[in-house]
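Read through the structure below, which is laid out as structure tokens, and then see the notes.
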Amino acid sequence: METPASPSSLSQHLPIRTKDSNGLQQPDPAQSAEEADKEPANTENPQSEAKEGEDDERMTTTVDWVEPEPKKKKKRKTRPKSKRGKNKPTGFEEFYVDAPITPEEHKEERSIYDVERPIIHRMEDAILRFQKNRRIESERREIFTKYLSYGGVDVGPKMFGGVDDRELQEMDSEQILMARGQTSIRQDRADLAVDFNAVVKGYLTSFFPFYFNPETEDMVKLATVTIRNFLSYILYHDVCPEYKENIDEARTSCDIAGKELWNNQQITAEGPGNFNTAASTLFGGFFFDLYVEDNKWENTKDETFRMSNDIARKVVKFALAGTGSNEQAIRFQELANTNALRAMRVEDIDGFEVTTVILPDDKTREFYQTHASDLYPVGRLLARAYRDPGKPGFDLSPEESLEWENGGAPMHEFEFFLEESLLKYCYPGMKVMTSVWELNCGLHFFDEIFTAYSSLYTVLFNDLMLGWKKPKDLRGGGDDGDEEVDGHEKECDSKEAEDGDIEQTL
């Protein structure tokens, strides 16, 4: 059995360095003696040799690697609304009024809004100052800029009108306001008619519901309050005194539209009511054959309640008994017994216009409470036929077209049954776009509601002019498109003069 070698014998053959108490490796004595015999004698100072030895020891010192700590991202504190300016007055509050004008400001405004100046220049200055004195947020700004565009004002950055900070420092406040403005009115629109009221009615009743589709009452008020505030600003600063009465009418139109637009949205969403749904289910229309008996087919994703034929018969019979006249009930019963009830759609109309709203009386409510407590009391809605001027005309023969132009178009009168929960949204002058059906017993009912318009419903050519660009002359070969086809510009100008409904400004 072999004995283990002693450490002294191993040290003679292995180049092992021991460590001192400080963790530094000590040189091997045998190896250092051999190196001393080979090397010549060193005649240098022993102190320098000691320093070199210390440097060598420092160079062979082991260093532990330490991973750098990642830098912590500073959390960005959200500033409160008060410091972000969100609680500051916007200028559109209910009881907000502009501050009194100083004599210096009045003198300046008299020179800016001088009646001798063209109205397009006065309106440009008024729009810039209105935007400067109001805090217009993003949603309100979008509604307001669309209103300006609808009224003939160009909204957007001005071509070649950019300025840098150095140029801004050399300008006064008036020049800075003009440089930063993004609204202008082209000179070629100076000859167009100016009608503030017509533009307000056209924008709020025709363009605004279609483009923005307001889903809340606050959205409706946002539009009406913004436009009314702008019109009040024009009156307060006496921008165009020659149109004072017209601007007052426009402000009244804003008040009316603010009440009616939300009712239109509600009746469109909740209509046509139980009675009209029942009649459409039984006699033809959108809801005819829409319900499958005994729930043989069911769409789990569709939570819409579909009325069965039995429930539809109950709704129609109780409406006739509680609200209809004796003649209507007797005639309906006679035709029902012989299975001769038929419904025909009224042609050549787009809907109806409400003339009278008759709520159910106490006797009718008591009748429903006693005999059909699960049904809603039904009132009456008197209306007349309506044709939408914003839609294409009907396909008529030349004789019929001439007759209609002379006022000979048939004007049907209707009497509808409608639940009290929907009658509260109706008002005289409301236009409801829907299909109207007539039973051979004299009853009328309407189908699915497509849309509803205000009593101020106005259709202008301004809807078509939004985004319109002058056609380019491809025959001339020019790239700028400034040149017009011979006679084309004159034809456009003459057509605009004939179309008196094209309004220019606001």
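The values are calculated or read from the model by the stated rules, or taken from the named source; none is laboratory data. Please read all numbers here as calculations on a predicted model, not as lab measurements. Neighbour counts run over all protein chains shown; Cβ positions are idealised from the backbone, glycine included.
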* Asked: How many of the residues making up the stretch 436-451 are touching a Ser or Thr at 6+ places or on another chain (Cβ under 9 Å) and within 28 Å of E327 (Cβ to Cβ)?
  -> 4
* Asked: For N274, which of the numbered conditions (1) touching a residue at least 40 places away in the same chain (Cβ under 8 Å); (2) over 30 Å from H444 (Cβ atoms); (3) touching a helix residue (DSSP H, G or I) at 6+ places or on another chain (Cβ under 8 Å) fails to hold?
  -> (2)
* Asked: When both residues are 6+ apart or on different chains and their Cβ atoms are under 7 Å apart, which pairs have a first residue that lies in the stretch 434-445 and is outside the structural domain of D388 (by the TED database), and a second that is in a strand (DSSP E or B) and crowded, with 20+ Cβ neighbours inside 10 Å?
  -> none
* **Residues satisfying the stated conditions in the stretch 202-247, i.e. part of a helix (DSSP H, G or I), polar (S, T, N, Q) and within 24 Å of V432 (Cβ to Cβ)** => T205, S206, T224
